[in-house]
Amino acid sequence: MGALLLDPAQRFTCQQCGRCCRRWEIALTPGEVKAYRQAKVERYFREREGSPEGAESDPFDPLPGGYATIRKREDGACGFLSLENRCRIHEELGADRKPLTCRLFPIRFHPAEGAPVLTASFSCPTIVKNEGTLLTAQSREIATLRKAWGREYPERERPVELLAGRRLAPEALATLRQVLREMLDRPGPEGRPDLRANVLRMARYVEDVSRHRVMRLPPPRFAEYLELTGRYAAKSEQPLAARRPSALGRLLFRGFLFAVVAAREQLEDGRGSGLRLDLRWRLLRLLAHAHGVGPGLPSLDRAAVRRARLDLQRPEVHGLAWHYLRATVQTLGTGRRPVLDELAVAVAFLNATEMLAAQHAARKGKTLVDAESFSEGLMEAVDLTHADTSAGRLLATLSGGVESLYLFANGQTQ
Ligand code: SF4
């Protein structure tokens, strides 16, 4: 197996908060289903949070090909989650018998061309806070997981593109990551990176290299252009002209915000019951409010940003946002979507975070967004990446491309 690319500054040690066990579907391989049936794990399943152990019906929802998902409790948590936030399968059968999906979370492997990429999900509070052991110090455990993942869910190596149809060679991708990182880390007047100014610099660069004329350059000249202009832009002391996000970019962001909030509504309310009428009605009102029509709802209240201010230069918040952006840049090129779309979607999540964090802070009576509210907002936004909704599949379009970077640079999520 080739070397794995990951964010060298990312830490992780599971804090057993149980957040992941309360949210998404947990997929089981055919081998796991068979082994769990043989071990009679239904004995450890709970139908409701406080009910005694013992499943009333099959704890697995079958999927084609022998796969399955673990049936959820009434409150949406995994039926094998104990009252102490522990996995009952882990407790009874041992850590290595826990579902592979759970052993992997929050990391994910992407068999991209060149070096395969490991990403860490910012839906996990430990990843957001960057706590625990460095991932680079867990190479043995990661190698074991990667092997198991490759065996159970084999995926073909994916080509990396800059934009749809424009292949990006591994060396050019490495250069791109490096120059974006240099731009991101440029110190601002207060010594620490000015994230909005630095994302503006990234936006200008990204816009330049994605011009039609540049994209048509033959690969060696394109790589040279990417490097020369990138290095110059990262170091240049020339002030950058401001540029407001376009009206279309702002409109698309509202759709993006709706997708984020709607995914949570569906997660909390849908729970396998399909789009019921009351949920549909709430989604409609959400859509209207996201577009500036109609009053706020508990899950989305755009007026919150006026009640709780977000100051990105506040050290505790700055550290979280910088960590998120840095991790994004370091692991660009998963091959799941073109690199510039990956970047745009990641920044769009940060834009949604601004709104959701302000909402979280306002609800708690705070006038400033603190680290807790920012982390909550970020996790809530990024949760959409785990939801299997049609809006989730449209993320790249809804992000508005480079417009999401201009939106962030201008702090204009309203
Ligand atoms: S959300 Fe993260 S820290 Fe919490 S239980 Fe899951 S993996 Fe562990």
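Looking at (1) more than 12 Å from the ligand (Cβ to nearest atom); (2) of a type outside the set (A, V, I, L, M, F, W, C); (3) closer than 25 Å to E265 by Cβ, which one does G114 not meet, given that it meets all the others?
(3)
Quick check on the stretch 159-180. Is at least one of its residues more than 16 Å from the ligand (Cβ to nearest atom), touching a strand residue (DSSP E or B) at 6+ places or on another chain (Cβ under 7 Å) and at pLDDT 95 or above?
No: the stretch 159-180 contains no residue that is more than 16 Å from the ligand (Cβ to nearest atom), touching a strand residue (DSSP E or B) at 6+ places or on another chain (Cβ under 7 Å) and at pLDDT 95 or above.
Does the stretch 124-137 contain any residue that is on the phi < 0 side of the Ramachandran plot, in contact with a helix residue (DSSP H, G or I) (Cβ under 8 Å, 6 or more places away or on another chain) and more than 16 Å from the ligand (Cβ to nearest atom)?
no
Give the residues of the stretch 89-99 that are crowded, with 20+ Cβ neighbours inside 10 Å and outside any loop (DSSP other than H, G, I, E, B), sorted by residue number.
Pass one, the stretch 89-99, residues crowded, with 20+ Cβ neighbours inside 10 Å: 89, 99.
Listed by number, the list holds a single entry, I89.
For the stretch 1-58, give me each residue that is in a helix (DSSP H, G or I) and within 14 Å of the ligand (Cβ to nearest atom).
C20, C21, R22
How do the pairs read when you match residues in the stretch 3-23 that are within 16 Å of V128 (Cβ to Cβ) and of a type in the set (A, V, I, L, M, F, W, C) with residues anywhere that are near the ligand (Cβ under 6 Å from one of its atoms) and part of a loop (DSSP other than H, G, I, E, B), using Cβ under 6 Å and keeping only pairs 6 or more apart or on different chains?
As it stands, the answer is C20/F105, since those pairs meet every condition given.
Between a first residue in the stretch 291-302 that is assigned by TED's automatic domain parsing to the domain that holds R264 and on the phi > 0 side of the Ramachandran plot and a second residue that is of a type outside the set (V, I, T) and outside any loop (DSSP other than H, G, I, E, B), which pairs have beta carbons less than 8 Å apart while being 6 or more apart in sequence or on different chains?
Going by the 8 Å Cβ cut-off, the qualifying pairs are G292/R254; G294/R285; G294/A288.
Looking at the stretch 97-111 only, could you name the residues that are over 13 Å from T13 (Cα atoms) and near the ligand (Cβ under 10 Å from one of its atoms)?
C102 - this is the single residue of the stretch 97-111 that is over 13 Å from T13 (Cα atoms) and near the ligand (Cβ under 10 Å from one of its atoms).
Return only the number of the condition from (1) closer than 21 Å to A348 by Cα; (2) assigned to a helix (DSSP H, G or I); (3) out of contact with any helix residue (DSSP H, G or I) (no Cβ under 6 Å at 6 or more places or on another chain) that E224 does not satisfy.
The one condition E224 does not meet is (1).
The values are calculated or read from the model by the stated rules, or taken from the named source; none is laboratory data. It should be emphasised that the depicted structure is a prediction, and the values quoted were computed from it without experimental measurement. Note: ideal-geometry Cβ built from the backbone for every residue, glycine included; neighbour counts use all protein chains shown.
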